[in-house]
1. Within the set of pairs 6+ apart or on separate chains, which have a first residue in region 94-111 that is farther than 21 Å from Asp69 by Cα and without any contact (Cβ under 8 Å) to a residue 40 or more places away in the chain, a second that is aromatic (Phe, Trp, Tyr) and open to solvent by 20 Å² or more (accessible area, probe 1.4 Å), and C-beta atoms under 7 Å apart?
2. Answer yes if at least one residue in region 85-106 is out of contact with any strand residue (DSSP E or B) (no Cβ under 9 Å at 6 or more places or on another chain) and either of a type in the set (Lys, Arg) or under 30 Å from Arg158 (Cβ atoms) (or both), and no otherwise.
3. Taking Gly207 and the conditions (1) touching a helix residue (DSSP H, G or I) at 6+ places or on another chain (Cβ under 6 Å); (2) surrounded by fewer than 16 Cβ atoms within 10 Å (Cβ to Cβ); (3) closer than 21 Å to Asp121 by Cα, which numbered condition does it fall short on, given that it satisfies the others?
4. Suppose we filter region 229-252 for residues that are farther than 24 Å from Leu143 by Cβ and in a helix (DSSP H, G or I); how many remain?
5. Select from region 136-152 the residues that are open to solvent by 40 Å² or more (accessible area, probe 1.4 Å), modelled with pLDDT of 90 or more and either farther than 21 Å from Lys222 by Cα or not in a strand (DSSP E or B) (or both) and list them in ascending order.
6. Given (1) more than 16 Å from Gln203 (Cα to Cα); (2) more than 15 Å from the chain's Cα centre (by Cα); (3) open to solvent by 60 Å² or more (accessible area, probe 1.4 Å), where does Tyr161 come up short, assuming only one miss?
7. Across region 164-214, what is the number of residues that are over 16 Å from Tyr107 (Cα atoms) and assigned to a loop (DSSP other than H, G, I, E, B)?
8. Name, by its number, the condition in (1) on the phi > 0 side of the Ramachandran plot; (2) surrounded by 15 or more Cβ atoms within 10 Å (Cβ to Cβ) that does not hold for Ile133.
Amino acid sequence: MKTKARVIVSTLIALLLLAAAIAAGLNAVFTVTYVRAEFSTFSAEGNRDAAELKEKLDKFVGESTTFLDLDDVEEVVKEYPHFTIDSLGKKFPATVEVSVSERREVYAFCGEGDTFVFLDDEGKFLTDGNRDISNRAGGQNILLENFALTVSETGEVRGEYLAELLTAMNTFKQVLKEIRANVVSVTLDLGTTDRKNVTFRVQMTEGVTIALESPSRLIGEKAALAVTRYSALADEERLYGLLTVYEAEQGEVRASYVQRDPFA
């Protein structure tokens, strides 16, 4: 019996040693040896952030590929609000792949004190506490005035007519491409006290103002007509004047241009 017991014990020890050897072998095989990070940037600051972020991501080298929590990788990227993750995953046995893009600053509105809050092209929160409205690409962001925008603790941006604003600006972008080069500001004019004659007043770079009346109705169609008429204006017409887009009878969208020379 003693001999049989010794055999059983020896067999168990051998199995444990074999399991340990297999586990060690698997750990050696399924260990992160490379973090393949791809960055899409457009600014010098973005390039610097990308280099810094790559160093932090490389610290995941040596961890178990199997047990690595990709949420931990995502949290590291979130330390850089100007970056967004396009794709993230594991490529067994030893690689983590992540693709990151720089988010574009497009809109700015007054925050606390004399600082500004920046939003990206989708109207999502980027940063706050900015001292001016300059963007990372070297130009100016589009100033949003009188929209009473707020940002929640979770980063959700809220405000009256925000959805309509984004629809209008995205329509402009389809034609103008880089709207920051053409649009200086957008002001929400609430009209009379009973909210009649609500208007988006879009100040263009050259000087002309575009008025989108009643933005809660047919804003996509109004913005499309506005940017088409703006593109067709002669150079001198863009220097001053008012291009108004409104809804006529039976839902027809129309535009009118009044040339007002401030130096006349």
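1. What qualifies is Ala108/Phe116; Cys110/Phe116.
2. no
3. Evaluating Gly207 over (1) touching a helix residue (DSSP H, G or I) at 6+ places or on another chain (Cβ under 6 Å); (2) surrounded by fewer than 16 Cβ atoms within 10 Å (Cβ to Cβ); (3) closer than 21 Å to Asp121 by Cα leaves (3) as the failure.
4. Total meeting the criteria: 4.
5. Scanning region 136-152 gives Gln140, Asn146, Ala148, Thr150, Val151.
6. (3)
7. 13
8. (1)
The values are calculated or read from the model by the stated rules, or taken from the named source; none is laboratory data. Computed from a predicted model, the values in this text were never measured in an experiment. Ideal geometry is used to build each Cβ from the backbone, glycine not excepted, and the neighbour counts take in all protein chains shown. When the accessible area is computed, the model is the full protein with side chains, heavy atoms only, and any ligands, DNA or RNA have been set aside. Shrake-Rupley method; radii C 1.70, N 1.55, O 1.52, S 1.80 Å.
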